[in-house]
Every structure is written in structure tokens, then in C-alpha cells.
Amino acid sequence: MTIGKTDHDHQPVPGTAANNEIDSNADTCCLGKNFIVLEHTSRTADVHARDKTIAPALDVPIATGATAWTDHASGQTFILVINEGLCCGEKLDHASINPNQTRDHGVPLWDNPHDNTRGLNIEVNDEVNMSVRTKGTKVVFNSRAPTQEELDSCQKIVLTSLRHWNPKNVQLREVTNENMHYQAN
């Protein structure tokens, strides 16, 4: 894996740190200043703000990006890979992680601070459980732009699929009273 260089991106300095916000309002993961671009797709997207008075960002590149995350319990560094992310770079002082995009790839992400059974975490595999934390009302974890050495030597954790992600076509399972299970006290 080599840090990608194209005329579209200005790669951050290795070690540039930022929060990753678990954002269920974002319909796609957004790569911020703590991600390096590994590869661009040939596609772009127009990104619209929730506030309709703000002009959309046009032709935002869709890319595969990587960030370095260190497990404080073990001291081990992992490379987190986001496929099909919006490449915002330095324009975004944090990254937005769409929990439904990770879940669609089979990566369980638990972002409910009121769930006492699971806690806040991303269940990467049997050995790696990424703890996340709250910062006010946001659920976040910190990572940084990786070095080439980290890209070459650290274990990769792929959080989202390479499959074309079009949020307009995603079919999420609906929760209804019929498929909810209530437990009497």
C-alpha cells in the first residue's frame, strides 16, 4: 500500500491528527485532514449541506483513504481503510464515519451512549475492539494521517466496502414493532 499522489489531492503531513465523528446524519463517510488518499475512483459527488442556504460543494472526489489508529490498551497501531469516501481533505477538520456504511460492510458499530450492554465501540474482529467516546453529544475517536512505514507494516482494518456506495440506493432494514423484542422487568 503506497500513499497515493494525484493532482487532485494534497496529502496531509503524517501525524496530522483529528477526531472521527460517528455521524448517522452523513449518508457517506467523509475523509478529513487525518486521512491520506490511497486511490481515487473515477467518480465525484455533489455534497449538499443540511442548510439549504449554503451552496453545495460540487465534484467532490470519491476515494479510498487511510488513517492510523493506535489501540491504547495494546499500543498496537492499525491502518483504518475507508472505501467509497468523500475526499474532503483539509477542508474538513475531522472525518465523518457513517455507521450504516460500516455496518453494511459487516463491521458492527455501537454508537448509542445509553446502551449499557455493548458500550461505545467498533467491533473490528475477535481481537480488536475499538473504543470510542463521547465529546458532548458526539461519538468520536481520534486517529492521524499515517506514515509510509505504518502503511507498509501495520495491520489493515477495512471499515467500508469497495462496492459502489450510492446512499440513494441503500436499503436499510426497518425496525418495526413486529421485529422488536421487549423484555418485561
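Brief remarks follow.
- Beta carbons closer than 6 Å, at least 6 apart along the sequence or on distinct chains, pair a first residue in segment 20-35 that is touching a residue at least 40 places away in the same chain (Cβ under 8 Å) with a second that is assigned to a strand (DSSP E or B) and of a type in the set (Val, Ile, Thr) for ASN20/ILE97; GLU21/VAL140; ILE22/ILE97; ILE22/VAL139; CYS29/ILE82; CYS29/ILE97; ASN34/THR67; PHE35/THR67.
Residue by residue, here is whether (1) at pLDDT 95 or above; (2) more than 14 Å from the chain's Cα centre (by Cα); (3) within 13 Å of GLU21 (Cβ to Cβ) holds:
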position: ILE79; (1), (2), (3): yes, no, no
position: GLU90; (1), (2), (3): no, yes, no
position: ASN121; (1), (2), (3): no, no, no
position: VAL128; (1), (2), (3): no, yes, no
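- Only one of ALA55, ALA45, ALA26 that is within 22 Å of TRP110 (Cα to Cα), out of contact with any Phe, Trp or Tyr (no Cβ under 6 Å at 6 or more places or on another chain) and not polar (S, T, N, Q): ALA26
- Among the candidates SER131, SER96, residue that is among the small types (Gly, Ala, Ser) and either under 23 Å from VAL13 (Cβ atoms) or surrounded by 15 or more Cβ atoms within 10 Å (Cβ to Cβ) (or both): SER96
- Counting only residues that are in a loop (DSSP other than H, G, I, E, B) and among the acidic types (Asp, Glu), segment 44-63 holds 1 of them.
- Residue check for ALA66: assigned to a strand (DSSP E or B) and either hydroxyl-bearing (Ser, Thr, Tyr) or closer than 28 Å to ASN121 by Cβ (or both): yes
- Restricting the first member to segment 145-174 and to residues that are in a helix (DSSP H, G or I), and the second to residues that are surrounded by fewer than 13 Cβ atoms within 10 Å (Cβ to Cβ) and modelled with pLDDT under 95, the beta-carbon pairs closer than 8 Å and six or more apart or on different chains are GLN148/THR2; LEU151/THR2.
- Within segment 12-32, the only residue that satisfies the criterion of being modelled with pLDDT of 95 or more, surrounded by fewer than 20 Cβ atoms within 10 Å (Cβ to Cβ) and in contact with a Pro (Cβ under 8 Å, 6 or more places away or on another chain) is PRO14.
- Tally, over segment 56-77, of residues that are touching a Ser or Thr at 6+ places or on another chain (Cβ under 9 Å), surrounded by 22 or more Cβ atoms within 10 Å (Cβ to Cβ) and not β-branched (Val, Ile, Thr): 3
The values are calculated or read from the model by the stated rules, or taken from the named source; none is laboratory data. Quick caveat: nothing in here was measured; it's all calculated off a predicted structure. Note that each Cβ is placed from the backbone with ideal geometry, even for glycine, and that neighbours are counted across all protein chains shown.
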